[in-house]
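Asks: Starting off with a structure, shown below.
The values are calculated or read from the model by the stated rules, or taken from the named source; none is laboratory data. Note that this is a predicted model, so its numbers are computed, not measured. Neighbour counts are summed over all protein chains in view; Cβ atoms, including those assigned to glycine, are modelled from backbone coordinates with ideal geometry.
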Amino acid sequence: MLSRRDTQPKPCGPESSHRRQQEIHDDDIDPWTRIQRLFKMPSQTGLNKLNINHGWPVMVLLPLAGLAKIFHWNPTIVLVVNIAAIIFLSESISISSDELAEHLGELQGALLSATFGNTVELTAGVLALVHGEIAFAQSVMVGSILSDILLIFGCCLVTASYNKEVLEFNSALAKTLSSLMMITAVTMLLPTALYSTFPVSEIDDRVLSFSRGTSLVLLALYGGYLYFYLGTHKHLFLSNESEAGDDDDENNGGSSSADSGASLASSIIRLTTAVAATVFCTELLLESVDDMAQTLGVSEVFIAIVFIPIASNSTEGVTVIAASRTGDTDSAIRVIIDSLLQIGLFVIPFLVIIGWCIAEPMTLFFDSFQTVAMFSAILVVNHLLRDGQYAYIHGAMLLAL
């Protein structure tokens, strides 16, 4: 007996052919695309279109964070509430700083992005210095670097090359950024070498003075990197889509910037408010670190290396991983390595200078295990970039590391 479906006439013509092709195309969709469709994050759809709705989680989480502090809630709840708030605040800071950068020009916009792109790490580092927690501040910096080059970059390589042949990086971009990345690793190793050179009675002052002088050099190098990035070799950091967008802007006579001029004041207000709220949540988080460590059974270093950097880099990581799904790993390399250079060439030296100003002996001498772990990770990523080719197994190795 034939069913109703079997007795229906089979359509023919171009429409039926297109429908069959669409069904075949849907069957060929790989699991990564299906997962992306099911769990489509706001960052992938463009939060600029959701300005009305995407702020409500912050409006709910900030009062909860204050209540958790006042009524001494369970440290686990304090951790979850503040981490969730920091995730949404990081997205708000990213959107607001990007909007504000459009009004300031390339150089000023890059400096603004450098300052506010790692707001959580910078805030946590400064607050930890004020409280005399130098080791905690250093652990946050190491965690941010490891999160960028192992977790996010590894996910990018897996999603970009899954079910594909061996792919290639932009060799000029990869080699240039890998060299700058190695400078960051070397500056972390030199203080360790100093400890094996001088007597114990003299080493603290030697390392402190060396770190402050090196920090000034690194800040100058970061300024040179910005000039290289925005001036003489800007073409290395532009994708094809960006170059086409720049040409369109020139043809339109800059009408887009004129249309966005009215939002300058609102962008400043949103950025200021988001930064102030981030400082508030980070302060609450740092005040409860001891209780969190005891309740969760982990060390304070684990919280600094894992929880805070992942919360800070989550929105950026989701966006970069989604972009790499199209195979554009060059953009992922630019974003990830740029974030690493901001930490290594700007935030860490800046914290050393801040410690100098407030009489806190912040140095470039990190914990030995953290130094070895960070140098090993940078060495592996540097070798991968120099090789110029990658497959999804390389991303799996970075995730495993």
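Asks: Can you tell which of Asp330, Asp290 is touching a helix residue (DSSP H, G or I) at 6+ places or on another chain (Cβ under 8 Å), free of Cβ contacts under 8 Å to residues at least 24 places away in the same chain and in a helix (DSSP H, G or I)?
Replies: Working: Asp330 fails: free of Cβ contacts under 8 Å to residues at least 24 places away in the same chain.
It is Asp290.
Asks: Count, please, the residues in the stretch 188-216 that happen to be farther than 28 Å from Leu340 by Cα and either surrounded by 15 or more Cβ atoms within 10 Å (Cβ to Cβ) or modelled with pLDDT of 90 or more (or both).
Replies: Final tally of qualifying residues: 1.
Asks: Need pairs with beta-carbon distance below 6 Å; first residue surrounded by 24 or more Cβ atoms within 10 Å (Cβ to Cβ) and within the stretch 122-151, second of a type outside the set (S, T, N, Q) and not in a helix (DSSP H, G or I); sequence gap 6+ or separate chains.
Replies: Gln138/Phe366
Asks: Any idea which residue in the stretch 374-395 is farthest from Val142 (Cα to Cα), counting only those that are among the small types (Gly, Ala, Ser) and under 19 Å from the mean Cα position of the chain (by Cα)?
Replies: Among those that are among the small types (Gly, Ala, Ser) and under 19 Å from the mean Cα position of the chain (by Cα), it is Gly395.
Asks: Go through (1) β-branched (Val, Ile, Thr); (2) touching a helix residue (DSSP H, G or I) at 6+ places or on another chain (Cβ under 7 Å); (3) closer than 11 Å to Cys156 by Cα for Val335 and report which single condition fails.
Replies: If we test Val335 against (1) β-branched (Val, Ile, Thr); (2) touching a helix residue (DSSP H, G or I) at 6+ places or on another chain (Cβ under 7 Å); (3) closer than 11 Å to Cys156 by Cα, just (3) comes out false.
Asks: Spot the failing condition for Val186; the list is (1) of a type outside the set (S, T, N, Q); (2) within 26 Å of Ala277 (Cα to Cα); (3) free of Cβ contacts under 8 Å to residues at least 12 places away in the same chain, and only one is missed.
Replies: The one condition Val186 does not meet is (2).
Asks: Okay, next question. Which of the numbered conditions does Ala359 fail, given that it passes all the others? Conditions: (1) surrounded by fewer than 21 Cβ atoms within 10 Å (Cβ to Cβ); (2) on the phi < 0 side of the Ramachandran plot; (3) not in a helix (DSSP H, G or I).
Replies: (2)
Asks: Here is a further query. So Leu398 fits all but one of (1) touching a strand residue (DSSP E or B) at 6+ places or on another chain (Cβ under 6 Å); (2) crowded, with 19+ Cβ neighbours inside 10 Å; what number is the exception?
Replies: With respect to (1) touching a strand residue (DSSP E or B) at 6+ places or on another chain (Cβ under 6 Å); (2) crowded, with 19+ Cβ neighbours inside 10 Å, Leu398 is out only on (1).
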